[in-house]
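*Asks:* One structure is given below, represented as structure tokens, and several questions about it will come after.
Each reported figure results from applying straightforward, stated rules to the coordinates on display, with no laboratory input. Just so it is clear, the structure is predicted and the values come from calculations on it, not from any experiment. Don't worry about glycine lacking a Cβ; one is built from the backbone with ideal geometry, like all the others, and counts go over all protein chains shown.
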Amino acid sequence: MDDFVPARRAAGGHRMTLFTWASARSFPSLPPPLPRYFDVASDARVLARCHWQPDPPAHPTLLALHGLEGSSEAHYMRGLADKAFAHGFNVVLLNQRNCGGTEHLSTGLYHSGLTGDPRAVIRELTGLDRLSSIAVVGYSLGGNVALKLAGDYGAGAPPALRSICAVSPTMDLARCVEALERRGNVLYEWNFVRNLKRRMRRKARLLPGRFDLRPLPAVRTVRAFDEAFTAPHHGFRDAGDYYYRASSLRVAERIAVPTLVISADDDPFVPAAQFRDPALAANPRVRVVITRGGGHCGFFAEPEGGFDGFWAERTAVAFAARHCAV
């Protein structure tokens with residue numbers, strides 16, 4: 001793994017985060033996606049955008065999980081897919097419940113520790129599609145889901161699951177939400193809350209009478225949204241209980257799959273201190289890389305020789321390829 005050196009034009013946590021979010025990108029190796037629906041629960045269906053190699057069972061598969069209020073169309077999802085497909089992977093870009101315009105497919109909501117959905121997808125990919133080599137890569141909230149999935153599996157992970165990579169993962173949800181509430185992060189929180197509220201309104205229109213939107217106008221923070229909607233909908237006592245039970249850090253010591261965690265020391269709302277937890281340090285299956293610079297899901301280096309500069313995407317694919325023997 002080569003060291004990450006931030007591009008000068010994007011140096012700094014906020015600048016890196018916003019620069020990569022706003023950059024126009026192209027994905028030259030990526031063919032048009034094919035939609036695939038997975039029934040993950042009796043009342044929930046999720047949509048994946050898939051890129052299949054000829055003879056898919058002969059190739060490894062990369063399953064990607066996006067962040068809070070993202071989708072399979074997020075630039076980092078397609079950038080990851082572009083690099084993985086060029087490397088010989090099948091690619092499955094999974095939308096969390098209700099994301100990517102799929103509110104009509106599920107009666108409920110998603111949350112940061114909902115590992116049953118990717119578990120059901122992996123079960124179908126291995127059982128129905130006969131895929132024998134799968135790597136999971138998650139970003140931010142999706143990184144927490146990926147790591148918690150590995151912890152939930154423990155020593156019982158399916159043999160086809162070869163590796164996990166988490167980029168800027170929110171492993172300690174309470175600590176990350178607290179960081180998000182800092183004054184310097186008001187833009188990020190405003191954007192998250194705006195999108196969460198819009199989604200709740202769309203869900204309420206699709207399912208009249210199911211959701212009580214009366215608390216919605218008063219919601220100004222992610223914590224307030226989780227207190228009013230996420231926690232009660234999923235049976236958590238309150239937001240604090242939800243953050244504790246859904247955090248992957250709580251089960252990190254049980255991870256038995258080769259795992260790479262990538263985060264930056266200047267991430268605006270994923271504090272690097274959480275990755276020094278003894279549960280991670282004591283687990284020989286987990287490698288933690290804290291880069292100098294990188295922002296949140298940014299990691300943009302100077303492009304060169306056909307490399308577009310998105311270092312975390314390249315590193316995640318290289319890690320998956322190593323463990324999938326590509």
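*Asks:* How big is the C-alpha Rg of the range 89-159 next to the rule-of-thumb value 2.2 N^0.38 Å, as a ratio?
*Replies:* 1.13
*Asks:* Of all the Cα-Cα pairs you can form in the range 200-246, what percent are over 15 Å apart?
*Replies:* 45
*Asks:* While we're looking at this one, here's another question. Work out Dmax and Rg for the range 1-147 from the C-alpha atoms and quote the Rg first, both in angstrom.
*Replies:* 15.8, 50
*Asks:* Now for a different question. What residues qualify as long-range amide H neighbours of Leu62, i.e. H under 5 Å apart, gap of 5 or more or another chain, H built at 1.01 Å from N?
*Replies:* When sequence neighbours closer than 5 places are left aside, the close amide H contacts are Asn90, Val91, Val92, Ala135.
*Asks:* State, in angstrom, two size descriptors of the chain derived from its alpha carbons: Rg to one decimal place and Dmax to the nearest whole number.
*Replies:* Cα-based Rg and Dmax for the chain come out at 18.5, 56 Å.
*Asks:* Let me ask you something else. For the pair Asn191 and Thr107, what calculated FRET efficiency results from E = 1/(1 + (r/R0)^6), where r is the Cβ-Cβ distance and R0 = 41 Å, to the nearest 0.05?
*Replies:* 0.95
*Asks:* Take Arg123 and Ala155, extend 7 Å from each Cα along the Cα→Cβ direction, and tell me the distance between the two endpoints in nm.
*Replies:* Label-label distance for Arg123 and Ala155, simple model: 2.2 nm.
*Asks:* Follow-up question, since we're still on this one. Whole-Hz ³J(HN,Hα) for each residue in the range 9-21, computed from phi via Karplus 6.51 cos²θ - 1.76 cosθ + 1.60 with θ = phi - 60°, x for glycine and proline: what do you get?
*Replies:* Once rounded to whole Hz, the list reads 5, 10, 5, x, x, 5, 4, 4, 4, 6, 4, 6, 5.
*Asks:* So what's the net charge close to Trp190: Lys and Arg +1, Asp and Glu -1, counting the other residues with Cβ under 14 Å from its Cβ?
*Replies:* Around Trp190, the charge tally is +4.
*Asks:* Next question, about the same structure. Of the chain, which part is the longest with no GluC sites (Glu not before Pro) in a loop (DSSP not H, G, I, E, B) and with at most 15 other C-beta atoms within 10 angstrom?
*Replies:* My reading of the result: 182-326 is the longest stretch.
*Asks:* Measure off 7 Å from each Cα along the Cα-to-Cβ vector at Ala325 and Asp3, then give the distance between these two points in nanometres to one decimal.
*Replies:* About 3.4 nm separates the two model spin labels.
*Asks:* Right, here's the next one. Which of Cys99, Thr315, Trp52 sits closest to the plus end of the dipole of the chain, meaning its Cα is farthest towards the positive end, when Lys and Arg get +1 and Asp and Glu get -1 on the C-beta?
*Replies:* About the Cα centre, the residue reaching furthest to the positive side is Cys99.
*Asks:* Taking loop as defined by DSSP and a crowding limit of 10 other beta carbons within 10 Å, which trypsin sites (Lys or Arg not before Pro) in the range 75-137 fit?
*Replies:* Arg130
*Asks:* Evaluate the charge dipole of the chain about its Cα centre and quote only its size in Debye, nearest 20, assuming +1 on the Cβ of each Lys and Arg and -1 on the Cβ of each Asp and Glu.
*Replies:* In debye, rounded to 20, the chain gives about 640.
*Asks:* Once you have the alpha carbon radius of gyration of the range 62-125, what is it after dividing by 2.2 N^0.38 Å, with N set to its residue count?
*Replies:* 1.14
*Asks:* Give a residue-ordered list of calculated ³J(HN,Hα) values for the range 177-191 (Karplus: 6.51 cos²θ - 1.76 cosθ + 1.60, θ = phi - 60°; whole Hz; x for Gly, Pro).
*Replies:* For the range 177-191, the Karplus-derived couplings read 5, 4, 5, 4, 7, 5, 4, x, 10, 4, 5, 5, 5, 4, 5 Hz, x marking Gly and Pro.
*Asks:* So what is the orientation-averaged projected area of the range 221-322, using the convex hull of its C-alpha atoms, in nm²?
*Replies:* That works out to 8.5 nm², a quarter of the Cα hull's surface.
*Asks:* List, in order, the whole-Hz ³J(HN,Hα) value for each residue of the range 128-139 obtained from phi through the Karplus relation with A = 6.51, B = -1.76, C = 1.60 and θ = phi - 60°; use x for Gly and Pro.
*Replies:* In residue order, the calculated couplings are 7, 8, 6, 8, 10, 8, 10, 10, 10, 10, x, 10 Hz.
*Asks:* Which cross-chain or sequence-distant (5 or more) residues have an amide H under 5 Å from the amide H of Ser71, H modelled 1.01 Å from N in plane?
*Replies:* Placed amide hydrogens put nothing under 5 Å from Ser71.
*Asks:* What net charge is computed for the residues neighbouring Glu69, neighbours being all others with C-beta under 11 Å from the C-beta of Glu69, Lys and Arg scored +1, Asp and Glu -1?
*Replies:* Neighbourhood net charge equals +4.
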